[in-house]
Amino acid sequence: MSERILHVTGMTCEHCAASVKQALLAIAGVTRADVSYPDATARVEVDAGIPASVLLAAVRAAGYGAEGGGDACCGTAPQTAAKLSVAIIGTGSAAFAAAIRAVEKGAEVTVIEASTIGGTCVNVGCVPSKILIRAAHVAHLQARHPFPGLAKHRPSLDRQALAAQQQARVEELRHAKYESILETNPGITLLRGFARFEDAKTLAVRQADGTEKRITPDRILVATGRSPQIPDVPGLAGMPFWTSTEALIATETPAHLIVYGGSVVALEFAQAFLRLGSRVTLVARGKLLSREDPAIGEGLKAVLEDEGMRVLTDIDVKAARFDGKVFELETSAGTLRGDRLLVATGRKPNTAGLALDHAGVTTDTSGAIVVDDHLRTSVPHVYAAGDCTNAPQFVYVAAAAGTRAAINMTGGDAALDFSVVPAVVFTDPQVATVGLTEAQANKLGMTTDSRTLTLDNVPRALANFDTRGFIKLVAEKKTGRLLGAQVLAGEGGEIIQTAALAIRNRMSVADLAGQIFPYLTMVEGLKLCAQTFTQDVKQLSCCAG
């Protein structure tokens with residue numbers, strides 16, 4: 001008899017250790033197996049004639065990586081099994097963050113993609129939409145800036161040139177941040193095709209020529225993102241309406257654009273096209289940004305209407321028609337007609353074709369994969385990250401989730417805390433939020449205190465001649481601990497992370513009010529709002545500490 005020591009990778013808990021032990025004890029000639037999850041080792045008592053390769057193969061068959069196998073007493077040279085294999089379905093932010101970290105942890109990674117490398121954000125989401133919004137903002141300033149000494153004029157628009165510039169930057173970033181990583185990282189292999197689960201261990205990948213390739217990785221990460229959700233409105237199916245994808249690459253500016261939706265994508269695109277010269281009617285089924293503090297939606301609606309947009313809220317859309325030239329929506333507010341229709345009523349998880357039920361992976365009623373704070377699904381070796389899950393739908397959350405999923409898939413222990421997640425809507429003024437609204441805090445049984453500071457009290461807003469919006473802070477009444485911040489302000493996205501850090505560090509509004517902020521910055525508004533819990537800021541001098 002001899003004792004062999006194996007180094008085991010991929011264990012994430014004591015249950016994994018028990019699984020490895022069971023696999024080793026099933027080998028004829030193994031009399032004892034002591035497996036330690038914290039030490040990532042297995043000490044195996046085995047008949048002298050059993051080769052180390054048999055032990056390593058058994059551990060790998062159980063879904064873990066292994067190396068070693070030398071005699072514990074005489075230092076026999078270890079044998080090395082194949083590295084832990086990880087398959088990642090998707091190539092967006094979550095997928096690439098996971099792939100890079102998994103390779104760093106010693107895994108061999110296969111990423112599976114049937115479409116364009118890079119996912120939503122760089123191709124048809126964050127990057128191109130912010131370029132479009134920025135161009136529209138410049139056009140708006142030329143026509144409606146607040147300075148009487150500068151001539152105002154409506155700019156001549158070449159939408160084709162703007163779209164070409166936008167897509168060139170998209171291609172540049174896609175190559176720099178995604179494609180070049182595939183070219184230079186030898187630990188990541190790209191497999192083209194559509195993946196689905198045959199069972200909990202096997203992925204079948206349908207390739208372009210119709211053939212299927214089957215792989216059985218040790219770990220699987222699902223990171224397939226989301227796509228536009230089209231509502232079930234009679235007549236809408238089959239119509240040549242736009243989603244955000246088509247709107248981004250359109251080389252025309254509609255004379256009258258109807259936007260159906262009342263949340264992030266609908267609002268950003270509606271204002272952008274309005275500023276690029278379209279007449280815009282926005283139709284929302286409820287209030288604008290209905291999940292936020294009501295004052296946010298009300299304030300933004302007033303801004304959009306002031307710019308010339310027709311905004312219809314709490315509207316029932318009954319039917320849709322298209323005669324080849326004109327789109328019609330039959331609504332509870334009457335019939336609306338426009339030469340283009342943009343449908344932006346939400347996004348659905350891309351999980352329908354994965355056959356998750358074959359693997360036993362649990363989803364919620366929307367089809368989103370249910371994960372815990374370690375990005376684990378209901379199946380121990382299957383993880384999920386990004387917009388296809390029930391986690392917050394932000395690219396930065398996806399990237400953080402992908403990194404942590406990779407750590408956990410390769411034997412680490414990394415949780416993702418969703419309690420402080422800042423969010424930004426890139427309208428003008430921007431909507432930026434973090435933490436709890438007053439209503440959310442009260443629903444949790446907290447007694448709250450809050451203050452709202454209009455931007456005519458913020459010196460930088462006055463200097464900008466743009467006092468649209470407000471800053472609201474929500475605090476726990478007894479302790480003053482900051483619970484949440486809601487901002488409607490120019491460059492609100494540059495303000496909100498300071499509030500996020502304050503919440504993360506459990507600061508009180510008094511702590512925040514006592515900090516030194518640079519003068520004539522918009523973020524100084526957080527300090528001023530915090531001061532209003534105890535002072536009247538109208539009675540303070542500039543820079544009052």
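The table below lists the values:
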item: Angle between the chain longest axis and helix 159-174 axis [Cα atoms, degrees, rounded to 10]; result: 30
item: Distance cut-off 25 Å, percentage of C-alpha pairs in segment 354-489 lying past it; result: 47
item: Accessible-area composition of the chain, carbon plus sulfur, in percent [1.4 Å probe]; result: 52
item: Rounded to the nearest 20 debye, dipole of the chain from Cβ charges on Lys, Arg, Asp, Glu; result: 860
item: Segment 475-545 versus segment 1-50: alpha-carbon centroid distance in Å; result: 56
item: Bins of 5 Å, starting at 0 and running to the largest distance - Cα pair percent for segment 164-247; result: 3, 9, 12, 14, 16, 17, 15, 10, 4, 1, 0
item: Nearest 10 degrees, 0 to 90: helix 52-61 Cα axis against the chain principal axis; result: 30
item: Under 12 Å, Cβ to Cβ, from L312 - net charge with Lys/Arg +1 and Asp/Glu -1; result: +1
item: Protection proxy ranking, peptides 144-157, 301-314, 462-475, 402-415, average beta carbon neighbours within 10 Å, highest first; result: 402-415, 462-475, 301-314, 144-157
item: Assigned charges on the beta-carbon of Lys, Arg, Asp, Glu; segment 413-532 dipole about Cα centre (debye); result: 380
item: Intensity falloff of segment 93-199 expressed as log10 I(q)/I(0), Debye formula with alpha-carbon point scatterers, at q = 0.14, 0.17 Å⁻¹; result: -0.69, -0.86
item: Equivalent ellipsoid, the chain (semi-axes from 5 times Cα gyration tensor eigenvalues, Å); result: 50, 31, 20
item: Summed residue charge, Cβ within 9 Å of Q142's Cβ, Lys/Arg positive, Asp/Glu negative; result: +3
item: Accessible area (Å², per residue) of the chain, counting only protein heavy atoms and a probe of 1.4 Å; result: 45
item: Peptides 381-388, 159-166 ordered by average Cβ neighbours within 10 Å, highest first; result: 381-388, 159-166
item: CD proxy at 222 nm, helix term only [per DSSP H run n ≥ 4: -39500 (n - 2.57); per residue of the chain; nearest 500]; result: -8500 deg cm²/dmol
item: Segment 132-173: Rg to Rh, with Rh as the Kirkwood radius over Cα pairs; result: 1.11
item: Within straight-line cross-link reach of K472, lysines at Cα separation under 24 Å, skipping those fewer than 8 residues along the same chain; result: K287, K301, K443, K527, K538
item: Which of T120, T467, A61, positive extreme of dipole for the chain (C-beta unit charges); result: T467
item: Gyration tensor verdict on segment 313-411 (Cα atoms; rounded if a/c is under 1.5, prolate if a/b is larger than b/c, oblate otherwise); result: prolate
item: Pairwise centroid distance, computed over Cα atoms, of segment 162-176 with segment 232-310, Å; result: 24
item: Top positive-direction residue, dipole computed over the chain with Cβ charges, set A368, A510, S36; result: A510
item: Net charge contributed by nearby residues that have their C-beta within less than 14 Å of L482 (K/R +1, D/E -1); result: +4
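The values are calculated or read from the model by the stated rules, or taken from the named source; none is laboratory data. Please read these numbers as outputs of a predicted model, since none were measured by experiment. Positions of Cβ are generated from backbone atoms using ideal geometry, with glycine treated the same way; all protein chains shown enter the neighbour counts. To get the accessible areas, we keep the full protein, side chains included, count just its heavy atoms, and leave off ligands, DNA and RNA. Shrake-Rupley method; radii C 1.70, N 1.55, O 1.52, S 1.80 Å.
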